[in-house]
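Undergrad: Starting off with a structure, shown below.
We did not get these values from a lab; they are worked out from the coordinates using the rules stated. Here the structure is a predicted model, which is why all the values come from computation and not from measurement. We place every Cβ from the backbone using ideal geometry, glycine too, and count neighbours over all the protein chains shown.
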Amino acid sequence: MAGDGQDQPIIRLRGIRNAFGPQVIHNNLDLDVRRGEIIALVGGSGTGKSVLLRTIVGLNRPAAGSIEVFGQDILHLPKLERRKVEQRWGILFQNGALFSSLTVAQNIQVPLKEHLGLKGPMLEEIAALKIALAGLPPEAGAKYPSELSGGMKKRAGLARALALDPEIVFLDEPTAGLDPIGAAAFDQLIADLRDTVGFTVFLVTHDLDTLATVCDRIAVLGEKRVMVVGTMNDMLEQTNPWIVEYFHGPRGRAALDAKARADARRPD
Ligand SMILES: Nc1ncnc2c1ncn2[C@@H]1O[C@H](COP(=O)(O)OP(=O)(O)OP(=O)(O)O)[C@@H](O)[C@H]1O
């Protein structure tokens with residue numbers, strides 16, 4: 001596909017402006033996401049991380065700027081073309097956003113029916129596959145969201161996000177509300193899936209452990225734009241006061257120490 005080459009950014013934002021009435025959230029914001037990377041968006045509360053994620057996936061239309069995904073200008077695509085692009089990504093919202101009246105398996109089947117028009121046993125089979133991929137036991141498929149723990153809900157939401165074999169997975173605060181062990185397991189699942197399935201991950205997080213352990217790059221939102229993008233080591237060299245406080249503060253140091261200990265234990 002033209003402009004969809006392996007070297008092109010898989011997501012390319014240029015000059016994004018978002019405002020709600022007089023409140024400007026983003027102004028002249030640029031960001032490139034590379035194919036196959038795990039990139040995290042961080043920033044203080046209210047800097048517009050969720051708004052930016054929602055803007056990329058079309059739930060919020062920016063006042064200005066361009067958004068290319070898979071090399072396509074998605075703000076100006078005809079509806080049908082746009083739907084085709086949407087089939088190539090999956091989204092895990094913060095609360096899982098599962099339909100409470102449907103079982104886990106039925107939740108996963110929603111996009112399969114809606115986008116692919118699948119019917120019959122094929123639906124069951126694909127749902128079972130995604131349940132396994134998300135690290136859930138097979139019996140989870142028959143359960144309703146209210147019967148699941150927080151960690152299982154996240155996995156069920158992930159299973160649904162994976163329904164259409166996405167090339168990009170968007171995750172909004174994937175480890176929020178999980179205990180540290182559950183959060184670490186979820187981080188590991190994302191990293192393993194990226195390595196095996198090969199998708200790109202764009203996530204919004206406050207979790208310094210996630211940043212230290214699984215992210216290839218970090219984009220810092222502030223001053224209404226992406227102030228810096230780089231690796232964790234790049235972040236440690238920044239002088240912006242918020243970035244210094246965030247990454248060199250006690251929680252940042254603890255996350256980096258934990259990662260250093262984990263790396264030391266890992267065989268070469
Ligand atoms: N639909 C909307 N209408 C009006 N204002 C909105 C809307 N959505 C978001 N905002 C405002 O935009 C700002 C950014 O919100 P957003 O949820 O993106 O922040 P965030 O960086 O994700 O914050 P947090 O880390 O606290 O989750 C906030 O001030 C919020 O009130």
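Undergrad: Could you give the size of the charge dipole of segment 99-165 about its Cα centre, using +1 on the Cβ of each K and R and -1 on the Cβ of each D and E, expressed in debye and rounded to the nearest 20? Spell out each step's value before the answer.
TA: Values: 8 positive and 6 negative charges, 38 e Å.
The calculated dipole for segment 99-165 is roughly 180 debye.
Undergrad: Still on this structure, I have one more. Say each of residue 142 and residue 234 gets a label point 7 Å from the Cα, pointing the same way as Cα to Cβ; how far apart are those two points in nm?
TA: The answer from the label model is 5.0 nm.
Undergrad: Still on this structure, I have one more. Give me the distance between the Cα centres of segment 167-231 and segment 110-149, rounded to whole Å.
TA: 24 Å
Undergrad: A follow-up question, please. Calculate the all-directions average of the projected area of segment 99-165's alpha-carbon convex hull, and give it in nm². Please report the intermediate quantities before stating the final value.
TA: Details: hull surface 15.6 nm².
Directional mean of the projected Cα hull area for segment 99-165 stands at 3.9 nm².
Undergrad: Using label points projected 7 Å from each Cα along Cα→Cβ, tell me how many nm separate residue 196 and residue 97, to one decimal.
TA: 2.6 nm
Undergrad: Sequence neighbours fewer than 8 away in the same chain don't count; with that in mind, list the lysines whose C-alpha is under 23 Å from residue 154.
TA: Residue 154 reaches 49, 113, 130, 143.
Undergrad: Next up: Can you list residues from other chains, or at least 5 along the same chain, whose modelled amide H is less than 5 Å from the amide H of residue 222?
TA: Residues meeting the criterion, in which the H sits 1.01 Å from N, are 227.
Undergrad: If you don't mind, another one. As a check on your grasp of the helix formula, calculate [θ] at 222 nm for the chain: sum -39500 (n - 2.57) over DSSP H runs of n ≥ 4, divide by the residue count, round to the nearest 500. Write down the numbers at each step before the final one.
TA: Working: 10 runs with 107 residues, N = 268.
Calculated at 222 nm, the ellipticity per residue is -12000 deg cm²/dmol.
Undergrad: Could you tell me the ratio Rg/Rh of segment 34-89? Both radii from Cα atoms, Rh via Kirkwood.
TA: On the way: Rg = 12.4 Å, Rh = 12.6 Å.
Taking Rh as the inverse mean 1/r over Cα pairs, Rg/Rh reads 0.98.
Undergrad: Using amide H atoms built in the peptide plane, which far-off residues or other-chain residues are under 5 Å from residue 25 H to H?
TA: The list, which skips near neighbours in sequence, is 18, 19, 20.
Undergrad: If you don't mind, another one. Kirkwood Rh and Cα-based Rg: tell me the resulting Rg over Rh for the chain, rounded to two decimals.
TA: Details: Rg = 18.7 Å, Rh = 19.4 Å.
Using Cα coordinates only, the ratio equals 0.97.
Undergrad: Still on this structure, I have one more. Any idea what log10 I(q)/I(0) is at q = 0.09, 0.20 Å⁻¹ for segment 120-268, Debye with uniform C-alpha scatterers and no solvent?
TA: -0.34, -1.28
Undergrad: So, one more: Report the residue, chosen from 188, 106, 238, that carries the largest GNM mean-square fluctuation when the chain is represented by alpha-carbon nodes joined by springs under 10 Å.
TA: Looking only at 188, 106, 238, the largest GNM fluctuation is found for 238.
Undergrad: On alpha carbon coordinates alone, what is the Rg over Rh value for segment 224-268, Rh being the Kirkwood radius? Intermediate results must be reported in sequence, preceding the final value.
TA: Details: Rg = 12.7 Å, Rh = 11.8 Å.
Over the Cα atoms of segment 224-268, Rg/Rh equals 1.07.
Undergrad: Would you pull out the residues with amide H under 5 Å of residue 91's amide H, same chain only if 5 or more places away, H placed 1.01 Å from N?
TA: Answer set, sorted by chain and number: 170.
Undergrad: Could you tell me the convex hull volume per residue, in Å³, taken over the Cα atoms of segment 1-82? Write out the running numbers ahead of the final one.
TA: Working: hull volume 8.1 nm³, N = 82.
About 99 Å³ per residue, rounded to a whole number.
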